[in-house]
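Written out below as structure tokens is the structure these notes cover.
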Protein chains: 2
Amino acid sequence: MKRVAIGGFGLTKFNKDDISIESLMLSSVKSLFDNNSNLIQKDVDVILTSTNDNSKYLANIVSELAGISPKISHSVESLCNSGANSVVSAFSYISSGLADVALVVGAEKFDNPGLILEWDISRGQYKHPVYWSSMFTKSHMRKYGTTMEDLAIVSAKNHKNALANPYAYFDKTYSVDEIMQSKNITEDVRVLDCSFLCNGSAAVLLASEEIIKKFTDCPVWITGIGQKTISAGFTKNDDLTSMKSTQYAANDAYAMSKKEPKDIDVAEVHDAFSICEIMEVEDLCFTQKGNGNQFVKNMYETQDKKINPRGGLIGSGHPLGATGIAQIVEISQQLQNKAEKRQVEGAKVGLVQNMSAAATSSTVLIFES
Amino acid sequence: MKRVAIGGFGLTKFNKDDISIESLMLSSVKSLFDNNSNLIQKDVDVILTSTNDNSKYLANIVSELAGISPKISHSVESLCNSGANSVVSAFSYISSGLADVALVVGAEKFDNPGLILEWDISRGQYKHPVYWSSMFTKSHMRKYGTTMEDLAIVSAKNHKNALANPYAYFDKTYSVDEIMQSKNITEDVRVLDCSFLCNGSAAVLLASEEIIKKFTDCPVWITGIGQKTISAGFTKNDDLTSMKSTQYAANDAYAMSKKEPKDIDVAEVHDAFSICEIMEVEDLCFTQKGNGNQFVKNMYETQDKKINPRGGLIGSGHPLGATGIAQIVEISQQLQNKAEKRQVEGAKVGLVQNMSAAATSSTVLIFES
């Protein structure tokens with residue numbers, strides 16, 4: 001398998017402006033070119049777009065708008081996990097030898113009507129994601145004693161981390177008390193335990209080992225890839241305290257990279273809701289099962305930025321098709337020692353976990369500088 | 001680059017029934033399993049869905065409906081060229097070593113609202129595909145003397161070929177005269193020179209060299225891949241008598257497979273309109289530029305089935321996301337000597353050309369048994 005690395009990235013501020021999906025995508029492509037003075041349009045073999053937007057032919061439209069004539073161009077969609085999927089697809093085009101340089105851009109508009117899984121009608125009026133989050137929350141509380149305060153700590157930590165992220169949608173902190181007092185959406189989930197839909201766009205440049213040195217002196221190698229789909233509908237889930245797809249994906253990613261959980265210096269995990277981060281640090285084996293709440297609490301108290309240094313989805317906002325790519329941009333910045341106020345000192349090995357629809361599918365990626 | 005082959009396929013009759021996109025996809029997946037008694041769900045590492053439908057998470061939904069828990073699952077979209085793009089994506093997952101077995105299913109509903117390139121507003125009321133076909137037609141007539149009769153011959157040939165295709169949407173022949181007398185859509189394009197939108201679903205199974213023998217004694221190797229995006233909007237086209245993206249893609253596919261145009265025994269080409277097939281046999285170098293009309297006429301008169309033996313898009317119908325995959329199914333059947341009444345005797349090397357939006361992008365694939 002040929003080695004593939006991240007050689008550049010582009011990002012623009014998450015917001016709720018009135019902007020077209022094409023312009024959103026182009027904004028982070030422009031940022032990527034601005035950040036990479038050695039990159040020219042002719043270098044790019046592959047353009048992939050990651051989005052849940054209903055517009056068609058977006059990879060070709062972005063190609064035209066950016067003055068690029070790639071060989072391979074198409075959109076990739078897998079709900080919230082579209083971003084990591086599109087980066088794995090780009091990895092495979094390069095690793096197989098079909099291409100040398102791929103530009104992957106993810107974007108979403110906050111008001112896209114396609115952001116809920118309409119197919120899962122088995123859950124009737126409860127098909128909004130907040131209901132699976134509520135079921136995860138209740139189950140974790142019952143089995144492991146997780147409290148409302150534990151949830152609020154996740155949100156407080158991630159809003160605080162997001163303050164150092166110039167591209168985050170949110171730019172204020174909340175106390176644990178404020179979060180606990182925020183509006184109840186369900187019995188177990190308050191509004192500040194939720195990630196928010198917003199506009200967002202993020203782009204990454206991938207290249208083969210032969211080409212990457214043209215773009216950077218510090219490539220970020222993708223050394224571990226794990227992906228798993230359990231199902232599409234939440235009703236197939238037989239253990240509401242674990243994300244099985246994340247466990248499978250993590251096992252494969254750790255095995256491929258020959259790394260262990262203790263080797264991970266920094267990680268972006270998919271905190272669509274507060275309970276998700278608590279479950280994910282367990283399912284990624286950063287701590288033992290049932291100890292996720294204590295693990296996060298400890299990070300909050302010691303100001304440890306290991307998990308979600310950019311603020312995660314709760315602090316940064318959640319533009320679906322851009323989220324996985326924005327996570328990868330953050331880990332790339334961390335491993336290149338470019339994360340400024342968010343920098344985890346000496347980070348050499350990073351992890352991204354991106355999932356869809358109550359973790360019915362997950363992607364786990366491991367990166368090394 | 002690891003070798004990858006087609007090891008099975010599924011297809012269902014193209015129609016205009018009232019059926020959901022999920023059921024359409026599942027119908028050809030079921031056909032694929034019915035055709036491959038050695039295939040079990042656990043074999044499948046990758047599920048890709050190819051469609052322009054607005055429904056989300058379809059690859060995961062098909063996984064659940066088919067009882068499969070793949071590693072990799074996502075949708076691929078690139079308008080009419082989604083099918084070939086999704087098969088190249090599956091090729092790269094296997095060729096890179098990330099997966100061993102991929103199931104790719106394409107489907108489209110005839111009444112999907114997303115089948116026109118809304119973005120190309122520069123063409124105003126002329127953005128329907130029939131208008132670029134009309135401009136291609138007028139240009140080819142002016143430069144090479146192509147006639148209305150030449151166009152009608154394409155349609156007559158492909159409707160005739162489709163009679164031997166049990167899955168085709170059309171099941172009657174038309175005389176050249178009947179086609180020439182059919183309703184004018186533009187000055188140059190009659191209704192029977194157009195392919196028709198319909199429901200359709202097609203699936204293929206790809207596997208690595210180590211695994212393929214489990215599924216078939218006669219694997220169909222993908223030995224040539226060429227892809228090119230010139231632009232998204234038709235207005236960038238500076239030569240209305242050629243499909244430049246097809247020329248680039250063909251060059252790359254021939255080079256990768258070390259084959260020449262004369263080596264191709266059978267081909268499915270993207271005859272969205274009659275003029276397309278005439279241009280494509282030229283741009284794929286089956287004949288010299290300007291001789292496409294004579295080349296097709298000769299096939300019609302000698303009942304040569306080399307080009308579009310299943311009836312192409314004009315004879316079979318054009319369910320966008322399924323089209324490229326249905327083309328690949330036909331070539332696989334031809335190279336396995338399973339094409340029954342459509343069989344091109346002794347076919348060993350086949351080609352598929354699938355394109356989008358006035359050939360602003362194209363994929364060309366070469367297959368060998």
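The values are calculated or read from the model by the stated rules, or taken from the named source; none is laboratory data. Keep in mind that what you see is a predicted model, and the values were worked out from it rather than measured. Backbone-built Cβ (ideal geometry, glycine too); neighbour counts: all protein chains shown. Keep in mind that these areas ignore ligands, DNA and RNA; they rest on the heavy atoms of the full protein, side chains included. Shrake-Rupley method; radii C 1.70, N 1.55, O 1.52, S 1.80 Å.
The stretch B:192-275 holds strands (runs of 3 or more DSSP E) entirely within its bounds, and those carrying 3 or more residues that are in contact (Cβ under 8 Å) with a residue 40 or more places away in the chain and either away from every other protein chain (no Cβ under 14 Å) or farther than 23 Å from residue B:312 by Cα (or both) map to B:200-208, B:266-268. The single residue among A:356, A:332 that is crowded, with 24+ Cβ neighbours inside 10 Å and within 14 Å of another protein chain (Cβ to nearest Cβ) turns out to be A:356.
Scanning the stretch A:300-309 for residues that are of a type outside the set (Ser, Thr, Tyr) and touching a residue at least 40 places away in the same chain (Cβ under 8 Å) yields a total of 5.
The residues listed here are B:39, B:32; of these, the one that is modelled with pLDDT of 95 or more and within 18 Å of residue B:166 (Cβ to Cβ) is B:32. Scanning the stretch B:228-253 for residues that are closer than 22 Å to residue B:3 by Cβ and open to solvent by less than 10 Å² (accessible area, probe 1.4 Å) turns up B:249, B:250, B:253. Residues that are assigned to a loop (DSSP other than H, G, I, E, B) and open to solvent by less than 10 Å² (accessible area, probe 1.4 Å) within the stretch B:276-309 comprise B:284, B:308, B:309, listed in sequence order. Does at least one position in the stretch B:16-23 carry a residue that is outside the structural domain of residue B:233 (by TED's automatic domain parsing) and touching a Cys at 6+ places or on another chain (Cβ under 7 Å)? Within the stretch B:16-23, one or more residues are outside the structural domain of residue B:233 (by TED's automatic domain parsing) and touching a Cys at 6+ places or on another chain (Cβ under 7 Å).
Number of residues in the stretch B:1-55 that are within 14 Å of another protein chain (Cβ to nearest Cβ), farther than 17 Å from residue B:320 by Cβ and free of Cβ contacts under 8 Å to residues at least 40 places away in the same chain equals 3. Being at pLDDT below 95 and facing chain B (nearest Cβ under 7 Å) is true of residue A:114. No other residue among B:324, B:312, B:350 is within 14 Å of another protein chain (Cβ to nearest Cβ), closer than 21 Å to residue B:249 by Cβ, touching a residue at least 40 places away in the same chain (Cβ under 8 Å) and within 13 Å of the chain's Cα centre (by Cα) apart from B:324.
Yes/no matrix, rows are residues, columns are (1) modelled with pLDDT under 95; (2) farther than 27 Å from residue A:25 by Cα; (3) of a type in the set (Lys, Arg):
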| site | (1), (2), (3) |
| --- | --- |
| A:199 | no, no, no |
| A:204 | no, no, no |
| A:209 | no, no, no |
| A:214 | no, no, yes |
| A:220 | no, no, no |
| A:233 | yes, yes, no |
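Please work out if residue A:150 is open to solvent by less than 40 Å² (accessible area, probe 1.4 Å), of a type in the set (D, E, K, R) and more than 19 Å from residue A:344 (Cβ to Cβ). Judged against the criteria, residue A:150 is a match. Being out of contact with any helix residue (DSSP H, G or I) (no Cβ under 8 Å at 6 or more places or on another chain) and under 27 Å from residue A:278 (Cα atoms) is a property that residue A:126 has.
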